[in-house]
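**Q** Sharing a structure here in structure tokens format.
The values are calculated or read from the model by the stated rules, or taken from the named source; none is laboratory data. Since the structure is predicted, the reported quantities are computational estimates derived from the model, not experimental observations. Neighbour counts are summed over all protein chains in view; Cβ atoms, including those assigned to glycine, are modelled from backbone coordinates with ideal geometry.
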Amino acid sequence: MPNLERQFTYAPPNQTFDLGIARHNITDLVALDQDTEYEIAGRYNTRFGHIPVGGRVEGILLDEVPHVHDEAASRLLQLGQANVTAQARYIGELSGNSNRFTLYTPKTLQAELKQGNTALIAPYLNNGNFSEYRQRNGLDIPGVSISGMHTAIVHELKNKATFHERVKAAQNPDFAVPHHEVVPVTEVTRAGIELLNFEEELYTAIGMPDYIRGVFGRLNYSDGGYGSFNIQQKNGEIRLETDDKKKRPPYTTWEDALHDAQAFMIKESADNADATIVLSRALNLKEVPGLSMHFMDGEVLPLGFNAQILDAQTKACIGTSTYEPTDPKLRNKRKEFEERITHGGKDFVHTIAREKGIDINTLRGWINFDAMFPGDEEQEVQKRIVSAMKARTLSSSLQNKLIHYGQLEKPSEYFLAESNPRRTNFIEATDEVLLVGNLPQTVASMREIIEHGILAEDNYNLPKGVKVADFAEAIGETYAQDVRGDGLVILRTRPPKPYIPDESAIVGVIMTGDSNARRQELQVVFDRLKKAA
């Protein structure tokens, strides 16, 4: 059997290509207004660690900058393009060749293909939108191959509603989701009140009336915190938090909070006629690691748990790092939990592939599952529910509601929050370290980087007065001699908005090795830049 962990992750080992191209189609993940889309693209297009290496040319596929009449939007678009150009040169210099990467548009890539060149394109997400993009731009032709999970699998796993309903139907305690219901976006208020009433009835029946109550909602196509809301009662106040981080006063009734949540979600889903919402009950949680696994030749190669840095309001992942459990039980059972989720994920995906008539040996790509480990109170809730059901002490009405919301026959030691059939923040950060260090793009290389330590922060504030270009040059000089070592800082993303001297620029950074040591080194860099200013 071949050593799969040392095989190229982007394509089968016998596949050759002339052009290795990354496409960061972050805006395909959710429906956004145009200005937000320009801003997000401007930031994430500079995050291109997923360029397949091995061809004659390594490049990035961008859109033509459209002509827009709005001056502010035009500035965002021009800055976004300038950021990608600067970032390509910076990453190239760091890896030893400032002219290493070529920037393509669909037209210039077509010209290369007409010369008889072949291309391997690695999108951020290989979904239906990307397939349409290829057809629309003349890239769905012989000679172009795509790296990533099969589109049909992506469709099933990317949709939050489909994923939750499939997992609920499987009734596997090693691969389970919390109590939930999928409803149309226009039914959030009604269904939310029913869920809250269920929570109150349940917690009273099992003798835990003071357990937290609340509703967490996500659109079926939500991603990265976009298209979500969270309603909870905290310190006697009902609070609504949404992904736009709008500050709202506390509510006096659940119904008012749900009414506003529904209005917000309808607005968020304006471009999606089939929008549905996954409504889940509030949970007391300890830790929420992610687990990414690479499907290859019918097998699965996991990277193990990674830590997630979550936004305090939206609970979206805004950073990631090598995982160090803080809970003793998680430390002791970490390997077991990783194996159980990996096994469950493999069976789950292979089952879908067989349903779709896809040969499991042809699957090649990344899938991530975010796990949620219950806190002590939630574990007690689970135990009491199962005990009460076995003892038949619950009313038949409550038993039926439990079944409706997806109750398992035995307590689950963890739940799944979602699946992401794509490169995650963690995978992309590790990919970028491999790219900069000219290391093999294999699972084995990635595991080595992770073992040494890696931290990615999406919202890293530069000190006031420090320009991004100066910061990039300074850390480029600082770490130029150690790109293959275990101590490195990489500028990962650039601000999508124009520089304002009196404000702190927010960038994305990657640190490898001891992150505390890297922070100390960065402080020296900042002190030097301030003196030079």
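**Q** Could you list, in sequence order, the residues of region 123-143 that are within 24 Å of Asn420 (Cα to Cα) and touching a Lys or Arg at 6+ places or on another chain (Cβ under 9 Å)?
**A** Those that are within 24 Å of Asn420 (Cα to Cα) and touching a Lys or Arg at 6+ places or on another chain (Cβ under 9 Å): Pro123, Tyr124, Leu125, Asn126, Asn127, Phe130, Tyr133.
**Q** Please state which of the following conditions Arg190 fails to meet, knowing it meets all the rest: (1) farther than 28 Å from Ala122 by Cβ; (2) in contact (Cβ under 8 Å) with a residue 12 or more places away in the chain.
**A** Here Arg190 meets the rest and fails (2).
**Q** Which of the residues belonging to region 255-280 are buried (at least 21 other Cβ atoms within 10 Å of the Cβ), over 13 Å from Val183 (Cβ atoms) and either over 25 Å from the mean Cα position of the chain (by Cα) or not assigned by the TED database to the domain that holds Val185 (or both)?
**A** Once the filter is applied, which keeps residues that are buried (at least 21 other Cβ atoms within 10 Å of the Cβ), over 13 Å from Val183 (Cβ atoms) and either over 25 Å from the mean Cα position of the chain (by Cα) or not assigned by the TED database to the domain that holds Val185 (or both), region 255-280 yields only Ala257.
**Q** Is it the case, given these coordinates, that Leu109 is out of contact with any Phe, Trp or Tyr (no Cβ under 8 Å at 6 or more places or on another chain), assigned to a helix (DSSP H, G or I) and surrounded by 21 or more Cβ atoms within 10 Å (Cβ to Cβ)?
**A** Working: out of contact with any Phe, Trp or Tyr (no Cβ under 8 Å at 6 or more places or on another chain): yes; assigned to a helix (DSSP H, G or I): yes; surrounded by 21 or more Cβ atoms within 10 Å (Cβ to Cβ): yes.
Here the answer is yes, as Leu109 does meet what is asked.
**Q** A further question on this structure: With the condition being closer than 26 Å to Ile449 by Cβ, I'd like the strands (runs of 3 or more DSSP E) fully within region 265-304 carrying at least 3 qualifying residues. Break it down stepwise before answering.
**A** On the way: elements: 276-281, 285-287, 290-296.
Because the criterion is at least 3 residues that are closer than 26 Å to Ile449 by Cβ, the strands (runs of 3 or more DSSP E) in region 265-304 that meet it are 290-296.
**Q** Could you check how many residues of region 12-56 are modelled with pLDDT under 95, assigned to a loop (DSSP other than H, G, I, E, B) and small (Gly, Ala, Ser)?
**A** Selection size over region 12-56: 2.
**Q** Got at least one residue in region 384-398 being within 27 Å of the chain's Cα centre (by Cα) and either outside any loop (DSSP other than H, G, I, E, B) or under 16 Å from Glu199 (Cα atoms) (or both)? Reasoning before the result, please.
**A** Keep residues of region 384-398 that are within 27 Å of the chain's Cα centre (by Cα), which gives none.
For region 384-398, residues within 27 Å of the chain's Cα centre (by Cα) and either outside any loop (DSSP other than H, G, I, E, B) or under 16 Å from Glu199 (Cα atoms) (or both): absent.
**Q** Same structure again: Give the residues of region 425-474 that are part of a helix (DSSP H, G or I), closer than 21 Å to Ile318 by Cβ and of a type outside the set (Gly, Ala, Ser), sorted by residue number.
**A** Asn425, Phe426, Ile427, Glu428, Thr430, Asp431, Glu432, Val433, Ile449, Ile450, Val468, Phe471
**Q** Assess whether Arg248 counts as being at pLDDT 95 or above, touching a Lys or Arg at 6+ places or on another chain (Cβ under 8 Å) and among the charged types (D, E, K, R).
**A** Working: at pLDDT 95 or above: no; touching a Lys or Arg at 6+ places or on another chain (Cβ under 8 Å): yes; among the charged types (D, E, K, R): yes.
Taking the combined requirement at face value, the residue does not satisfy it.
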